[in-house]
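What follows is a short report on a single structure.
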Amino acid sequence: MRIWRPIVAAAALSLTLAACGSTDTPETTPTSAGPWQFTDGSGEVVKADKTPTRIIAHAGEAAALMSFGIKPVGVYADESVKTDPNLKGLDLTGIEILGEEWGKIDVEKAASLRPDLIVGDYWPAEKAHSGLEEGVDEKSKKLKELAPVVGVSQGKSIVDLAEGYEALAKSLGAKVDAPEIAASKKKFEDAVTAFKAAVATKPNLTVLAMSPADDKVYVANPEFAPELLDFQKWGLKVVNPDKPDPGFPYWENLSWENADKYQPDLILWDGRSYTDTANAEWGKKQPTWFAIKAAKANAVVSWPAYWLHTYGHFAAELDKLTTAIKAADENVGS
Amino acid sequence: MSSSTVRARRALALGPGLAVLGVILALVAFLSITLGSRDIGLSDVLRALAGLDGDGSIEHTVTVDMRVPRTLLGVLVGAALGVAGAVLQGVTRNPLADTGIMGVNSGAAAFVVLAITVLGVRGVGVYIWFAFAGAILATLLVYAIASLGREGATPVKLALAGAAVTAGMGSLTTGIVMTNVDALNELRFWQVGSLAGRYAPILTGVAPFLVIGLVASLACGRALNGLALGEDTARGLGQRVGLTRAAAFAIVAVLAGAATAACGPIVFVGLVVPHLARFICGPDYRWILPYSMLLSPIVLLLADIVGRVVARPGELQVGVVLGVLGAPVFIGIVRYGRLSEA
């Protein structure tokens, strides 16, 4: 069964989100050589005599730290670092890759790096950090014995996550007010403003986040997808499915006979399987896919499902969505 | 009353019994077209079947393009699995034989992941052919290994060879999917036995193999009866034991291979239905085979219907339903029904 976990309903389970929201914003202390402390997503205050410098981080968290100029010595990812969207385009030279599959971390290699901090998201629902969750290899879990583990809590918003890692980076000595970081933040704020403006011009637009698969269609439950909650907060009407799978509430499962249960005006398509030709291919393969009017009208756009950690990535994805919203017809689904 | 009169009486009842099963199967098939995870009224279904509602409506699409091929596939695959199980239990004289222990499922799975990783194959329509090839190859391999040595492919050697090949193929599959998430994703769809998501192209692809295998199997009854008496007796009766065994294995490979390729591994039907058939008709394979052929699709379609209506708006895979409902039934048979030795 364990082998299923990373893929069941897409890597969602492993990479992602958690039920209860976290309101605790990590606190920081002024940076110097130490002592150092950081409030972990679990609420625990982690302390050290010296500010950590040899950091091992999970992929998305590493990308977040690197965006503030903090370079980890080692990274563990849930998939190949060549395809992980968090790491795309990042210079990984000098960083040891400690794992490229969910739940598998080379702890021996990690120990040889003599880390003084491990960074992974905290999952309130699972009460564990990324890489240390239920289902991970027992051997891999020994990672936590090498150094203190901290992370920002996965909750109700990507913005909280980005801000949390900004605070962590700051505590580790990053100059978070460096001009390129300010520029990246500005870009993000502009992207949000543009997104809100585009949404405001289409008050009747409804969108549905979906992930079609060979045996069924998955409809995402925004409650467990922080980026979808952000979209809702900014005014976009993301449909809440009415019958999420009780055992795996990230999704509602629709049989292909019921693929047209919802009629959104725009489909947010799981970015992990989205391609430019995917909609046409599924229309050909599944007799009922085009019974969804938005699919028939090719009103589909990639949805950055469950992986965002940084202002930069979120800004880029928001820009794509804003373009799609501007082009969308709010009467397709009605 | 002489035993020959008993046999004649029994045969007298078994013939009409077969006709009754045929009618039940037709009714269940009709149910399978009218019921599903989507609620469609009976009149809409009938209009769609009669072609009176035009092409555009979703009711038409679901009924004609999804439920009809799904039901036909269920009938053929069910019949194939039941017959393959009956033949295998007869030829190996092992009442617990099912196609899984002959390496069919593991061979098919290994070839699916190889096709995905090495050849970059995508899509069910393509990789079912690799699954088919893998299933046949695994069965042949089992047969070849078991045939080594003087006595030929004896039941014990077949069971051992089957276990060895299954283990080997299984580690190959695990080894690949552990390092390849794509393969794991594709395999996941295939590995839970299901009739969902299979449409006309898959049906027409495997149907010829299934039909040929089913027809050929009906000619095996007498030979399997001979083998059931023990190999020496069969030989004494002038039967060519090696030839019978080879022919029976070829039929099992084609039937189980094509069925597994199309729907993924579906257990239980092939194991239990032959016992049910034997319970009804006694030890005569000339009756066990046709009874298995009709009983199995009835069981499979009923399980599929249950899976489609209990989890709306989603569905449960028929493999899961059979596992959940099947285990207690099987225990019941073993416990109370006197599991008759083949």
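The values are calculated or read from the model by the stated rules, or taken from the named source; none is laboratory data. Not measured: the values here are computed from a predicted model. All Cβ positions, glycine included, derive from the backbone under ideal geometry; neighbour counts span all protein chains shown. Protein only, heavy atoms only, side chains kept; ligands, DNA and RNA dropped before computing areas. Shrake-Rupley method; radii C 1.70, N 1.55, O 1.52, S 1.80 Å.
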Just to be sure I understand, how many residues within region B:45-101 are open to solvent by less than 10 Å² (accessible area, probe 1.4 Å) and without any contact (Cβ under 8 Å) to a residue 60 or more places away in the chain?
5
For A:GLY312, the lone unmet condition from (1) within 14 Å of chain B (Cβ to nearest Cβ); (2) in contact (Cβ under 8 Å) with a residue 60 or more places away in the chain; (3) open to solvent by 10 Å² or more (accessible area, probe 1.4 Å) is (1)
Which of the residues belonging to region B:46-68 are closer than 21 Å to B:ALA303 by Cβ and more than 9 Å from every other protein chain (Cβ to nearest Cβ)?
B:THR63, B:VAL68
Being open to solvent by 10 Å² or more (accessible area, probe 1.4 Å) and either outside any helix (DSSP H, G or I) or outside the structural domain of A:ARG114 (by TED's automatic domain parsing) (or both) is the filter here; which residues of region A:155-167 pass it?
A:LYS156
Within region B:29-40, the count of residues that are in contact with a Ser or Thr (Cβ under 9 Å, 6 or more places away or on another chain) and within 14 Å of another protein chain (Cβ to nearest Cβ) comes to 7
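With respect to A:ASP230, determine if the residue is away from chain B (no Cβ under 14 Å), acidic (Asp, Glu) and either without any contact (Cβ under 8 Å) to a residue 60 or more places away in the chain or farther than 19 Å from A:ALA305 by Cβ (or both). Before you say what the answer is, go through the steps one by one.
Values: away from chain B (no Cβ under 14 Å): yes; acidic (Asp, Glu): yes; either without any contact (Cβ under 8 Å) to a residue 60 or more places away in the chain or farther than 19 Å from A:ALA305 by Cβ (or both): no.
When the stated conditions are applied, A:ASP230 does not pass them.
How about region B:194-264: which helices (runs of 4 or more DSSP H) wholly inside it have at least 3 residues that are touching a Ser or Thr at 6+ places or on another chain (Cβ under 8 Å)?
B:221-228, B:241-263
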Looking at this structure, is A:ASP177 among the charged types (D, E, K, R) and open to solvent by less than 20 Å² (accessible area, probe 1.4 Å)?
no
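I need the full set of residues from region A:217-227 which are part of a loop (DSSP other than H, G, I, E, B) and within 14 Å of chain B (Cβ to nearest Cβ), in order please. Write out each step before concluding.
Applying the first criterion (part of a loop (DSSP other than H, G, I, E, B)) to region A:217-227 yields A:221, A:225.
A:ASN221, the sole residue that qualifies.
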If you scan region A:280-294, which residues turn out to be among the aliphatic types (A, V, I, L, M) and within 11 Å of another protein chain (Cβ to nearest Cβ)?
A:ALA291, A:ILE292
What single numbered condition from (1) touching a Ser or Thr at 6+ places or on another chain (Cβ under 9 Å); (2) modelled with pLDDT of 95 or more fails to hold for A:ASP319?
(1)
Taking the stated definitions as given, is B:PHE209 away from every other protein chain (no Cβ under 14 Å), in contact with a Gly (Cβ under 9 Å, 6 or more places away or on another chain) and within 30 Å of B:TYR127 (Cβ to Cβ)?
yes
So how many residues does region B:116-165 have that are polar (S, T, N, Q) and closer than 24 Å to B:ASN185 by Cβ?
1
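Mind telling me which of the residues A:VAL199, A:VAL217, A:VAL239 ends up being in the same structural domain as A:GLY271 (by TED's automatic domain parsing), open to solvent by 30 Å² or more (accessible area, probe 1.4 Å) and touching a Leu at 6+ places or on another chain (Cβ under 6 Å)?
A:VAL239
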Region B:138-191: number of residues that are within 14 Å of chain A (Cβ to nearest Cβ), in contact (Cβ under 8 Å) with a residue 24 or more places away in the chain and not in a loop (DSSP other than H, G, I, E, B):
11
